[in-house]
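These notes concern the structure reproduced below.
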Amino acid sequence: MISKNNLFQVNLQFGRGSLNKTGEEIKAYGDNALIVPAKNSMKRLGFLDKLIEILESEKINSTVFEKVEQNPTVEEVDEGIKLARDNNCNLIIGIGGGSSIDTAKGIAIGATHFNEDISTIWDFVTIDEKRGAQITNKILPTVAITSTSGTGSHVTPYSVITNKKTHEKPGIYSPYIVPTLSIVDINIVSSMPKELTAVTGFDALCHAMESFVAIGEHPISDLYALKSVELISENLDKAYNNGDDINARTNMALADTLAGLAISTSRSVLPHSMAHSISGHYPMVQHGMALACITLQVMKFNLESNDSKITVEKYAKIAELFGKKGTDKKELALKSIEAILEIQEKIGIQKTLSDLPIDKGKIEIMTNDAFRIMKSGIERNPRKAEKSDVIKIYEESF
Ligand code: NDP
Ligand code: MN
């Protein structure tokens, strides 16, 4: 039985040099763009100038908003919204990692939905009893040009924004924020340095694994999730060790895209709920690194109780995709933990929370936040987790 599905409708331009082919299509969406690049890298690497040149050749005017840092904040998005409104922009283009694309999505919402009652992107967030303002098809068209292979944000209906004051890091959800056009140019993602390749690739792996083990039956997204795990098991360390390996880069970009589609339907589970609390309180911690520190402990927790045959079988399948073998399903399932540790070692992210500037005293509040802000991920986790369990998992991740 397939419950609610997002139908995977994405307008995707994928391949080496694909950015060069998109000017004419972009022109159909608007002629006055706000460009939201990753703060320094896109200019430094020449991709920002290349994009502006493509837009100019199609007579598309552009303004650049160069303020996006990792884990984008309410203030940054609100500033971008103001700039888009002041300049009457009718198109928003994110070029960068998940942070730039999520900011572009947030700006596209705010630019057309602000009114006397709605004056910040935070008004669209649903937390506790507060319902987010409605997002409609009035949203500006968005073009997402991804420069990392991890978040899947170029194909997802989520925009993740951090509130610096309250340390909350929720995802805004709307089917209207799936980008109008999504560009994956292998020349751009191939510029990622090693460490970024590792942490973003691990994020994609978590999307694939978490959506696969999430409670519920989702046979269509499982196809995407499993293919993604397979591609990552075969290519992440290659892309990490040799950034010029175009085949590995292409496969990682594909894995990222497939995993993004998988979470669009089946969502993420406990590791993401916990990781958002970490980066909410510690914005200097990269999303993928937060995941790297807690995922193994969550997997152990999920597999400790072996009462769910389905869960055991799912983790056994993941282990197999990493080349593990065994006839006893439970043993094989446990080998998935080994496999994830091995890949972390290969790409230099076998880290714990002790390696990060994180205060153990924050565990309780991070736990409460995970339950308040990312509750649906906890509810879909294959093993029911109480607050005391989550506290223990954080503790064991140190
Ligand atoms: P970021 O977008 O945060 O990028 C991290 C840094 O990497 C940037 O600040 C940029 O540095 C640099 N960078 C980006 N691309 C390149 C490149 N090709 N070459 C060199 N440097 C580069 O990283 P992620 O892609 O991991 O995005 C993480 C964010 O996405 C988090 O906020 C996370 O929560 C969110 N997310 C969103 C999802 C969604 O569905 N919307 C799903 C999962 C995560 P510089 O400043 O120097 O330019
Ligand atoms: Mn993620």
Item to check | Yes/no for Glu230 being at pLDDT 95 or above, more than 13 Å from ligand 1 (Cβ to nearest atom) and closer than 22 Å to Glu313 by Cβ | outcome: yes
Next on the checklist: Looking at Arg267, Arg249 in this structure, which one is among the charged types (D, E, K, R) and under 17 Å from the mean Cα position of the chain (by Cα)?
Outcome noted: Arg267
Checklist entry - So is Glu217 within 21 Å of Lys375 (Cα to Cα), more than 14 Å from ligand 2 (Cβ to nearest atom) and of a type in the set (Asp, Glu) or not? => result yes
Item to check | Selected residue [in the same structural domain as His287 (by TED's automatic domain parsing) and touching a residue at least 40 places away in the same chain (Cβ under 8 Å)] from Lys360, Lys351 | outcome: Lys351
Item to check | Some residue of region 105-117 being among the hydrophobic types (A, V, I, L, M, F, W, C), open to solvent by 10 Å² or more (accessible area, probe 1.4 Å), outside the structural domain of Ala370 (by TED's automatic domain parsing) and touching a Ser or Thr at 6+ places or on another chain (Cβ under 7 Å) | outcome: no
Checklist entry - Can you name every residue in region 211-225 that is in a helix (DSSP H, G or I) and either small (Gly, Ala, Ser) or touching a Leu at 6+ places or on another chain (Cβ under 8 Å) (or both)? => result Ser211, Phe212, Ser221, Tyr224, Ala225
Checklist entry - Take the residues of region 124-154 that are of a type in the set (Gly, Ala, Ser) and surrounded by fewer than 24 Cβ atoms within 10 Å (Cβ to Cβ): which is farthest from ligand 2 (Cβ to nearest atom)? => result Ala133
Item to check | Which listed residue is farther than 30 Å from Pro72 by Cβ and either surrounded by 20 or more Cβ atoms within 10 Å (Cβ to Cβ) or at pLDDT 95 or above (or both), from Asn235, Asn251, Asn247 | outcome: Asn247
Next on the checklist: Here is a check on your reading of the model: is Gln344 open to solvent by 50 Å² or more (accessible area, probe 1.4 Å) and under 21 Å from the mean Cα position of the chain (by Cα)?
Outcome noted: no
Next on the checklist: Being more than 16 Å from ligand 1 (Cβ to nearest atom), within 22 Å of Met284 (Cα to Cα) and modelled with pLDDT of 95 or more narrows it down to one residue among Asp86, Asp102, Asp78; which is it?
Outcome noted: Asp78
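Residues are listed down the side, and each one gets a yes or a no for (1) crowded, with 19+ Cβ neighbours inside 10 Å; (2) under 16 Å from Thr162 (Cα atoms):
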residue: Gly15; (1), (2): no, no
residue: Ser18; (1), (2): no, no
residue: Gly46; (1), (2): no, no
residue: Glu58; (1), (2): no, no
residue: Glu69; (1), (2): no, yes
residue: Thr73; (1), (2): yes, yes
residue: Glu76; (1), (2): yes, yes
residue: Asp86; (1), (2): no, no
residue: Ile93; (1), (2): yes, no
Item to check | Selection within region 239-272 - closer than 21 Å to Glu195 by Cβ, away from ligand 1 (no atom under 12 Å from the Cβ) and in a loop (DSSP other than H, G, I, E, B) | outcome: Asn242, Asp244, Asp245
Item to check | Residue tally, condition open to solvent by 10 Å² or more (accessible area, probe 1.4 Å) and part of a helix (DSSP H, G or I), over region 273-292 | outcome: 4
Checklist entry - Hey, which of the strands (runs of 3 or more DSSP E) in region 7-70, taking only ones fully inside, have at least 1 residues that are in contact with a strand residue (DSSP E or B) (Cβ under 7 Å, 6 or more places away or on another chain) and within 11 Å of ligand 1 (Cβ to nearest atom)? => result 32-37
Checklist entry - Taking Lys392 and the conditions (1) assigned to a loop (DSSP other than H, G, I, E, B); (2) open to solvent by 30 Å² or more (accessible area, probe 1.4 Å), which numbered condition does it fall short on, given that it satisfies the others? => result (1)
Item to check | Answer from Lys300, Lys324, Lys314, Lys335 - the residue that is of a type in the set (Lys, Arg) and not in a helix (DSSP H, G or I) | outcome: Lys324
Next on the checklist: Here is a list: Ile135, Ile121, Ile139, Ile188. Which entry is within 11 Å of ligand 1 (Cβ to nearest atom) and aliphatic (A, V, I, L, M)?
Outcome noted: Ile188
Checklist entry - When residues of region 183-232 are filtered for being open to solvent by 10 Å² or more (accessible area, probe 1.4 Å), among the polar types (S, T, N, Q) and closer than 18 Å to Val155 by Cβ, how many remain? => result 1
Item to check | Tabulated pairs, region 330-342, first more than 16 Å from Ser233 (Cα to Cα) and in contact (Cβ under 8 Å) with a residue 24 or more places away in the chain, second open to solvent by 50 Å² or more (accessible area, probe 1.4 Å) and not in a helix (DSSP H, G or I), C-beta under 7 angstrom, 6+ apart or interchain | outcome: Lys330/Asn306
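The values are calculated or read from the model by the stated rules, or taken from the named source; none is laboratory data. Computed from a predicted model, the values in this text were never measured in an experiment. Here Cβ is always computed from backbone atoms with ideal geometry, including for glycine, and neighbour counts include all displayed protein chains. The accessibility values were calculated without ligands, DNA or RNA, using every heavy atom of the protein model including side chains. Shrake-Rupley method; radii C 1.70, N 1.55, O 1.52, S 1.80 Å.
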